[in-house]
Amino acid sequence: MSQTEIAPMAAGNPDRLTGLKTFWHYFSVNRGAVIGLFVFILLVLAALFAPLLAPYAPDVQDKTAFLRPPAWQAGGSTQYLLGTDPVGRDILSRLLYGARFSLLIGAVVVTLALTGGITLGLLAGYFRGWVDVAIMRVMDLILAFPSLLLALVLVTILGPGLFNAMLAIALVLQPHFARLVRAAVMAEKSREYVVAAKVAGAGHLRLMLATILPNCLAPLIVQGTLSFSNAILEAAALGFLGLGAQPPTPEWGTMLASAREFILRAWWVVTFPGLAILITVLAINLVGDGLRDALDPKLRRS
Amino acid sequence: MLRYLLNKIALLIPTLVGITICAFAFVRLLPGDPILAMAGEHGVAPARYEELKQQFGYNLPIWEQYARYVGEVATGDFGVSISSKRPVLEEFKTLFPATLELSFFAMVFAMLLGIPAGIVAAVKRGSWFDQSLMGTALVGYSMPIFWWGLLLIIFFSGYLGWTPVSGRIGLQFFFKPITGFMTIDTLIYGKWDAFRSALSHLVLPAIVLGTIPLAVIARQTRSAMLEVLGEDYVRTARAKGLSGARVIGVHALRNALIPVVTTIGLQVGTLLAGAILTETIFAWPGIGKWMVDSIFKRDYVVVQSGLLLIALIVMAVNLIVDVLYAVINPRIRAA
């Protein structure tokens, strides 16, 4: 971050600058988190510039090169660095394009789950009474099912496909956000600054969104990060089971599903897509751990 | 204690009602006509259609249909599978022990490795062991287990040829199940080669299913242990001159295990979700594979009842964990 960007902010709001600085101080102590962030940024770049980076289009088939092993193995060539799949498509190119799907899935699912969870959690925690009971019973109900099973059943109702899979996963992950927001709102609601805002004549909507919500952000950010990686895993699992993104979409889970029958003949078709999932999820979880350390004052040592 | 128990059970009633509503709604939310959806790809003759409509009560008002459904479920009638023509409950009873056996060994694997590893990591906080263990745990926690299963198959079944690729036991072995646990049944019959076959089929799926619980348990044990090691009574025990092993093993561990027990209980949902993937990869004939297969066969009676039964199991296990927790920790009961 450059000085010129920070300077005007610092002039207007000195607290925010020190806040950001403290945050980075605590975040960067955690080496794993910094590595995770670095890998995540690389992944975002790979997704953004996939058409420039990928040597081939993700759906181009080379009929002369089925199941070609990766370059370093006997029979492989630098033409296809990570080898080709059973129908002669370049695995590296498909993985690069696949990064787009995984990051899109994470972003869409977290946005949907956050929006739903914040709205329901705010309503439940702010109004209490029957609104609270009704909302939280439904949340408990969603949590009573194993998440993947519920997602499977929802996709059965909605029909297989990437978008429906994202909807289903968002619905399954959303109660965690609602619970968090509700707990935070209940803790904050009786604080003096909220009472003061109320006395000053702030309406319900303003109290909820402008006064209380910004003070509940820390746990939400951490949960959001963890849900991001969870969403990628679950979407890949749905794709693997044949109910998520449909072939020939270069989604990593779907790639694994179509590679399954070749596992004993061509290890690379199976290994690389899974490795891509693992690296992505791991990087995001590392960042999540770092964020928790940096944002949770209870864990700070100083 | 009794009051605590009754209170817990009372709190479950809305969830129970909700679960039945979900299962009830599932068939009705499927795109298209529910009877045609349940009949599957083959379709159904018009006369039979009317008959089925009567039989399932689709001509009744919706709340009467629901009451009927709850009545059926309460009397143990979970419908008949369209593809196998067998009662769903009967199928469930034959398949569930397979999932139970797999989950049990997965959990044993996770606990046997996770708890000691977590303890050592906490005692040697900051050491290379601690750091590499926590790193490995995070990798395990981030693992797409369906891929992990395939990798293990490539290595142990393909490359080394040590374990079979799929199934529960070699096809040459056949006997009437007693407990439904292959590892126990083979021992009861005294067939050692069958026992070895069952065990070799079980190893890889159990490791795959146990991986995420292992990571969670190791992390949880470590942090619970760290917290307890900082407590006054541990310092007192040390000050009394007790040996390090006794302080850690008796004073600290007993208290650190309380949150770990809860974590283990909370893993049941994870296990059942994981079973869906693990059983699919290893062709393990349990309820996870049964659900996935039924979705693809459009056997929606099975999906509906499976959803209900699995949710009931998760609920029951959570209740047991709550009660156990109250037994171990009297402070919970008072609250």
Practice prompt. Could you grab the relative contact order for the range A:100-213? Cα pairs under 8 Å, six or more apart, rounded to a whole percent.
Written response: 37 percent
Worksheet entry | Cβ-Cβ FRET estimate between B:Ala67 and B:Asn329, R0 fixed at 41 Å, reported to 0.05 | 0.50
Discussion item. Quick check: the angle from helix A:217-241's long axis to the longest principal axis of chain A, C-alpha only, nearest 10 degrees?
Written reply: 30 degrees
Worksheet item: Quick one: what does P(r) look like for the range A:174-214 with 10 Å bins over all Cα pairs, in whole %?
Response: 30, 53, 16, 1
Worksheet item: By the gyration tensor of its Cα atoms, with a ≥ b ≥ c the square roots of the eigenvalues, what is the shape of the range A:123-184: rounded for a/c under 1.5, prolate for a/b over b/c, or oblate?
Response: prolate
Fill in: Per-q log10 I(q)/I(0), the range A:103-221, q = 0.23 Å⁻¹ (Debye; single scatterer per alpha-carbon; no solvent)
-1.23
Response to the item:
Short to long, in 10 Å steps from zero, the percent of alpha-carbon pairs of the protein assembly as shown per bin is 3, 13, 23, 26, 21, 11, 3, 1, 0
Worksheet item: Quick one: Debye curve from the C-alpha atoms of the range B:184-335, no solvent, what's log10 I(q)/I(0) at q = 0.14, 0.15 Å⁻¹?
Response: -0.91, -0.98
Fill in: Stokes-Einstein diffusion coefficient of chain B, Kirkwood radius over Cα pairs, 25 °C, 0.890 mPa s, in µm²/s
107 µm²/s
Practice prompt. Sort B:221-229, B:70-78 for me by packing, meaning the mean count of neighbouring Cβ atoms within 10 Å per residue, highest on top.
Written response: B:221-229, B:70-78
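Please give the average number of partner chain Cβ atoms lying within 10 Å of the Cβ of each residue in B:134-146, rounded to a whole number.
6
Find the relative contact order for the range A:43-184 and round it to a whole percent, using C-alpha pairs within less than 8 Å whose residues are 6+ positions apart. Before the final figure, lay out the partial values.
Numbers: 185 pairs, mean separation 32.0, N = 142.
Taking the mean separation of contacting Cα pairs over the length of the range A:43-184, I get 23 percent.
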Item to complete: Please report the base-10 log of the normalised intensity I(q)/I(0) for the range B:1-114, using a Debye sum with one equal scatterer per alpha carbon and no solvent, at each q in 0.11, 0.12 (1/Å).
Response: -0.58, -0.66
Discussion item. For chain A, compute the orientation-averaged projected area of the C-alpha convex hull (one quarter of its surface), in nm².
Written reply: 19.9 nm²
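Using only Cα atoms, what Kirkwood radius does the range A:30-165 have, in angstroms? Intermediate values should be presented prior to the final figure.
Values: mean 1/r = 0.0532 Å⁻¹.
One decimal place: 18.8 Å for the Kirkwood radius.
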Worksheet item: What average number of partner chain Cβ atoms lie no more than 10 Å from the Cβ of the residues making up B:299-310?
Response: 2
Practice prompt. Would you mind classifying the range B:253-307 by shape? Square roots of the alpha carbon gyration tensor eigenvalues, ordered a ≥ b ≥ c; an a/c under 1.5 is rounded, otherwise it is prolate if a/b is larger than b/c and oblate if not.
Written response: prolate
Item to complete: For the range A:207-302, just say rounded, prolate or oblate: build the C-alpha gyration tensor, square-root its eigenvalues into a ≥ b ≥ c, call rounded for a/c under 1.5, and beyond that prolate if a/b exceeds b/c, oblate if not.
Response: oblate
Worksheet item: How far is helix B:128-141 tilted, in degrees, relative to the longest principal axis of the Cα atoms in chain B, given as a value from 0 to 90 rounded to the nearest 10?
Response: 10 degrees
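Would you mind calculating the relative contact order of the range B:12-100 from Cα pairs under 8 angstrom and at least 6 residues apart, reporting the percent as a whole number?
Values: 33 pairs, mean separation 15.5, N = 89.
RCO, the range B:12-100: 17 percent.
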Worksheet entry | Per-residue mean of C-beta atoms belonging to partner chains within 10 Å, peptide A:260-268 | 3
Worksheet, complete the sentence: Computed D for the range B:141-197, Stokes-Einstein, Kirkwood radius over alpha-carbon pairs, 25 °C, 0.890 mPa s, to the nearest µm² per second, is 187 µm²/s
Worksheet item: For chain B, what is the mean residue ellipticity at 222 nm derived from helices alone (per DSSP H run of n ≥ 4: -39500 (n - 2.57); sum divided by total residues; nearest 500 deg cm²/dmol)?
Response: -24500 deg cm²/dmol
Worksheet item: What number, rounded to the nearest 500 deg cm²/dmol, is the helix-based mean residue ellipticity at 222 nm of chain A, given -39500 (n - 2.57) per DSSP H run of at least four residues and division by all its residues?
Response: -23500 deg cm²/dmol
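No value in this document is a laboratory result; all are computed from the given coordinates. Quantities reported herein were computed from a predicted structural model and do not represent experimental measurements. In this analysis, Cβ positions are derived from the backbone assuming ideal geometry, glycine residues included, and neighbour counts consider all displayed protein chains.
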